[in-house]
Amino acid sequence: MYVEMKHINKNFGSFEAAKDIDFGVEQGRMVALLGPSGSGKTTILRMIAGLEQQDSGDVVIEGKVVNDISARDRGIGFVFQNYALFRYMTVYENIAFGLRVKKEDKRKIDDRVKELVKLVGLEGMEKRYPDQLSGGQRQRVAFARALAPNPQLLLLDEPFAAIDAKVRKELRGWLKEMISKVGITSIFVTHDQEEAVEVADDIIIINEGRLEQMGTPVEIYKKPKTSFVAQFIGTSAVLDDFSGFKGFENLPKGRQAIVRPEFVEAFKSDNEKFKSLMHATETGIITNIAFRGSYQELILKVNGISLTANRSLERRSVKVGEQMCVLVYRVYVLADGDTEIHKNQLLKGIDIEAL
Amino acid sequence: MRKKNILKKGLLLGMSMMMALGITTGCGNSSGSNNNGSSNNSGGSSKEESETVKLTNVSYDPTRELYEQYNKIFAEHYKETTGKTIEVTQSHGGSGSQARSVVEGNEADVVTLALAHDITMIEEAGLIEEGWLDEFEGNSSPYTSTITFLVRKGNEKDIHDWDDLIKPGVGIITPDPKSSGGACWNFLAAWYYADKKFSGDEKKVKDFMSKLYDNVLVMDSGARGATTTFVENGQGDVLIAWENEALLSVKEYPDEYEMVTPSISIKAEPSVAIVDENANKNGTQDVAKEYLEYLYSDDAQKLAGENYYRPSNEEILKTFSDTFDLSVDLCSIDDFGGWDQAYKDFFEDDAIFDEIYNQ
Amino acid sequence: MEKHNNSEGKFVPYLLIGISVLFFLVMLVFPLAEVIYRSLKDGIEVYKSALAASNTLSALWVTLIATVIALVVNTFFGLCASWLLTKFEFRGKQVLSTLIDIPFSISPVIAGLAFIMTFGRVGWAKPIIDWFNGVFGTDISFVFSVPGVVLATIFVTFPFVSRELLPVMQAQGSAEEEAAAMMGARGFVIFRRVTFPHIKWALLYGMILCAARAFGEFGAVYAVSKARGKTFTLPLEIDALYMAGSSDSITQAFAVSSLLVLMAIIMLVLKQIVEYRGKVMEE
């Protein structure tokens, strides 16, 4: 483990920002701290950096406990939410700052700055001031500046929060490429799950100061361990009792069930392909149709519950109020920090995947 | 940022304060604090032979011109007799305020104030030794004065005596007895008149004084301040003033003012004294004594007369009979039982002045 | 605000401007012009001799010393206090902020009297000063002396610098400083390279206000300074000249006053320049 947080606790007065946070990040990995606003993820990041002091617990970097080492001596690169570029310095001076502080040789500084400027694609902008740059350009300067002193760990606090949507997508891809090129261990904070899923190797979900789950994006998505994670990721429906549905009568009582859109299939009653599954379907009425760019998101009222299903644009059109056959072929059931998959019993023997 | 930083900041703050104080006092020392002295060679530039002796004279309000001139002739005299140069620093203000400032640390070597009582205050604070009153002639008053009226030329309001001051519509300027010595003399002179007029009926006398102070427009903190209010600022119809102030104003602006001498007035004795504690500390006892004694010399007495102060030297006083009305009926502080008694009766907190003024 | 598109709308701004101009003419321009006029009334020779008089020069010297020292001390403390208040969290933060504002709310005369109560012959700090003098062989006094004048001046001009710095530093936030710290910079480097460029103009502005105030201070200094030609500042000297009462000395009083008017004008011009440059930098 390159970076470890061991049983970290932090309170601001009576507000509990971090409760027994415990995780480790391997060298070279890119990890996202994902959670809703106010969940404490930025606080955790700042504690790793040394900008906040934990009340109890250890921050360990490269095997060393760094609790008593001040922020300036931890050798960490930090990209702030609004970049915090030095307003009264040029792009060149901003990037060179860390090296100048270390009193590096002038020639070395010049080489390194030029190298980074090239890396982030800002040639020709060295003499500009931050307020002469666009948001995306400022972000890249912040990134270059953080990397200049060759830190072993890079921390980013909601790096894309202040950027407009279109540029955001481009920059996300760019950042992931950069970081893997440089090969530096990185931890970034975000509230945007799409971003976390796209950029990070591992995701840590934080809610109300607690660590909900840590894993790869696929793990988190396919095997949510807590009801919060299950609800947070994707557009799931969480139900207290699903045993009323056909094929799920044997569901353990008292456990919550999570239904993902990809577990739900809605088809018209005259659909040839799914004819053999009709016995396992419920009837549902479309209450809402939302266009999602590359597919349609249908909301159907089934047995008094709203379920979401995704429908390819290649299929026949549907309209609100139309009655559909709704097949739920499996659900996740939550049980004490783990999830079990329960299949629709009426589909036993049928190879759903093939359909 | 951690608590350690706060401690460091606090220390830094504290140390800088010491430094700042150091710089301040260093500068202060070299550019002349009230550092009188041959004994403390902090300046370091005084040679043995021609030392510059420094003397501080804390005086009352109107004597600015008098001492400006007197200091010149004394310096000459001192140079002749001792070969040393003397530098006198002057301070002026209401007599009471000045006395208080000496008590609070204003390092006067000599005080030349408006009344003996103010000097007694300094004595009681422990700065002057007992028996100072008799140290110099005439109850330590090298010059005396009296109280008169200054009116605008033409005397439209027809002011000739104390009675006219209580007429309705007459605006009086007189300073505040709490800070000004001249103001005390003013008050007592008026009281004496009323006392005579009403044959000692205190109720009627208080009533008279009350009417008088009702007509007062402005009470300055010193006699000179009152003169400025009357002359420069053009306020009031009559200024109850030291005779020397009134005469000075008439001299400056003969077309605008005239002096009226009332039928009865008081012999005002401004006293002088050496402030022993400061003089001993600064090593100026001898100089101070000479300074005050020289006030009684013929040259100085003449100078006093020219500045409209009545010389205590009888003969020289006679030579100024054109300037001063020598026939005025003057009472003295003894008629009030001395200053201690007078102050207790009239000017202490809640005494008669407060009674009359705060009605 | 659509109403103000008619003729009534044009009238109100003009009225307000007119009132302001009238106010400034009556309260400022005329009196100042009067000062200059009266000072030159008796001819340029009298004017020059009044300025060259030894009392005037001494007063000018004392005023300059007091102003310069007050400027240095208050700039330093203003920076420290503002830095403390905006970058740190600590108990008693509110108290410190209030303390800084005390000189604004106290009448300067009271400040002067308070100094006498503390450092005067009968003040409680006198034994400490005496001990200090005894140990170092000095003869320092903080009342009725130049150090006293300096101290009084420092006190009344104390809040000016920090008052200007605080809003700027608060608006700036601490993100840039944190960024600099993350890259290994120590406190002073952070201050010099990150904080200072931000506050440069506010600092300068505060210093000008401080100096202008120091020049004109009367009440506090009056209480602690009684020796003409030794511890008097320009305002006190002007008062002494005026109180001397003769028409000559009054002209002299105006002559010395014109010096202060000149200083005021210089301060005003400087202030304008700083404000302008500061605004330009913002854009």
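The values are calculated or read from the model by the stated rules, or taken from the named source; none is laboratory data. This structure is a prediction, so every number in the text was calculated from the model and none was measured. We place every Cβ from the backbone using ideal geometry, glycine too, and count neighbours over all the protein chains shown. Only protein heavy atoms, including side chains, enter the accessible area calculation; ligands, DNA and RNA are left aside. Shrake-Rupley method; radii C 1.70, N 1.55, O 1.52, S 1.80 Å.
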| task | Please enumerate the residues belonging to the stretch A:307-333 that are of a type outside the set (A, V, I, L, M), modelled with pLDDT under 85 and in a strand (DSSP E or B). | result | A:R330, A:Y332
| query | Does any residue of the stretch B:236-245 turn out to be in contact with an Asp or Glu (Cβ under 7 Å, 6 or more places away or on another chain), in a loop (DSSP other than H, G, I, E, B) and not assigned by TED's automatic domain parsing to the domain that holds B:A116? | reply | no
| task | Give the stretch C:52-63 a look and list any residue that's at the interface with chain B (Cβ under 10 Å from one of its Cβ atoms) and free of Cβ contacts under 8 Å to residues at least 12 places away in the same chain, or say none. | result | C:W61
| When you scan the stretch A:198-286 for strands (runs of 3 or more DSSP E) that lie fully inside it, which ones turn up with 2 or more residues that are at pLDDT below 80 and open to solvent by less than 40 Å² (accessible area, probe 1.4 Å)? | A:237-239
| said: Tell me whether the stretch C:268-278 contains one or more residues that are within 12 Å of another protein chain (Cβ to nearest Cβ) and among the charged types (D, E, K, R). | reply: no
| field | Hits in the stretch C:201-233 (condition: of a type in the set (S, T, N, Q) and more than 23 Å from B:N71 (Cβ to Cβ)) | value | none
| note | Counting only residues in the stretch B:318-332 that are free of Cβ contacts under 8 Å to residues at least 40 places away in the same chain and among the hydrophobic types (A, V, I, L, M, F, W, C), the one farthest from B:K267 (Cα to Cα) is identified as B:F320
| note | Subset of the stretch A:98-108, residues open to solvent by 40 Å² or more (accessible area, probe 1.4 Å) and in a helix (DSSP H, G or I), comes to A:R100, A:K106, A:R107, A:K108
| message | Within the stretch A:1-17, does at least one residue satisfy the condition of being modelled with pLDDT under 90, touching a Pro at 6+ places or on another chain (Cβ under 9 Å), at positive phi and in the same structural domain as A:T185 (by TED's automatic domain parsing)? | response | no
| request: Spot the failing condition for C:V194; the list is (1) away from chain A (no Cβ under 14 Å); (2) buried (at least 17 other Cβ atoms within 10 Å of the Cβ), and only one is missed. | output: (1)
| query | What single numbered condition from (1) farther than 29 Å from A:R168 by Cα; (2) over 18 Å from the mean Cα position of the chain (by Cα) fails to hold for A:K225? | reply | (2)
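For every residue, the table says whether it meets (1) open to solvent by less than 10 Å² (accessible area, probe 1.4 Å); (2) out of contact with any Ser or Thr (no Cβ under 9 Å at 6 or more places or on another chain); (3) part of a strand (DSSP E or B); (4) more than 14 Å from every other protein chain (Cβ to nearest Cβ).
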site	(1), (2), (3), (4)
B:E87	no, no, yes, no
B:N106	yes, no, no, no
B:I119	yes, no, no, yes
B:E129	no, yes, no, yes
B:N139	no, no, no, yes
B:I147	yes, no, yes, yes
B:L150	yes, no, yes, no
B:D158	no, yes, no, yes
B:G169	no, yes, no, yes
| Can you tell which of C:S49, C:S39 is more than 14 Å from every other protein chain (Cβ to nearest Cβ) and surrounded by 17 or more Cβ atoms within 10 Å (Cβ to Cβ)? | C:S39
| task | Can you tell me which residue among C:A111, C:A70, C:A81, C:A66 is more than 12 Å from every other protein chain (Cβ to nearest Cβ), touching a residue at least 60 places away in the same chain (Cβ under 8 Å) and crowded, with 20+ Cβ neighbours inside 10 Å? | result | C:A111
| All positions within the stretch B:261-275 that are among the β-branched types (V, I, T), in a loop (DSSP other than H, G, I, E, B) and surrounded by fewer than 24 Cβ atoms within 10 Å (Cβ to Cβ) | B:T261
| said: I'd like to check something: does the stretch A:122-141 contain any residue that is touching a strand residue (DSSP E or B) at 6+ places or on another chain (Cβ under 9 Å), closer than 20 Å to C:H198 by Cα and not polar (S, T, N, Q)? | reply: no
| field | Failed criterion for B:S321 (all others in (1) open to solvent by 10 Å² or more (accessible area, probe 1.4 Å); (2) out of contact with any helix residue (DSSP H, G or I) (no Cβ under 8 Å at 6 or more places or on another chain); (3) assigned to a helix (DSSP H, G or I) hold) | value | (3)
| In the stretch A:41-49, is there at least one residue being under 19 Å from the mean Cα position of the chain (by Cα) and under 23 Å from C:F191 (Cβ atoms)? | yes
| request: For the stretch C:209-222, name all the residues that are buried (at least 24 other Cβ atoms within 10 Å of the Cβ) and either among the hydrophobic types (A, V, I, L, M, F, W, C) or in a helix (DSSP H, G or I) (or both). | output: C:C210, C:A214, C:A220, C:V221
| query | Conditions: (1) within 23 Å of A:V31 (Cα to Cα); (2) part of a helix (DSSP H, G or I); (3) open to solvent by 10 Å² or more (accessible area, probe 1.4 Å). A:D111 meets all but one. Number of the miss? | reply | (1)
| request: Residues that are open to solvent by 20 Å² or more (accessible area, probe 1.4 Å), away from every other protein chain (no Cβ under 14 Å) and not polar (S, T, N, Q): find the strands (runs of 3 or more DSSP E) completely inside the stretch A:1-97 holding 1 or more of those. | output: A:3-12, A:15-25, A:56-61
| said: Going through B:D237, B:D207 one at a time, which residue ends up being open to solvent by 50 Å² or more (accessible area, probe 1.4 Å), charged (D, E, K, R) and more than 14 Å from chain C (Cβ to nearest Cβ)? | reply: B:D207
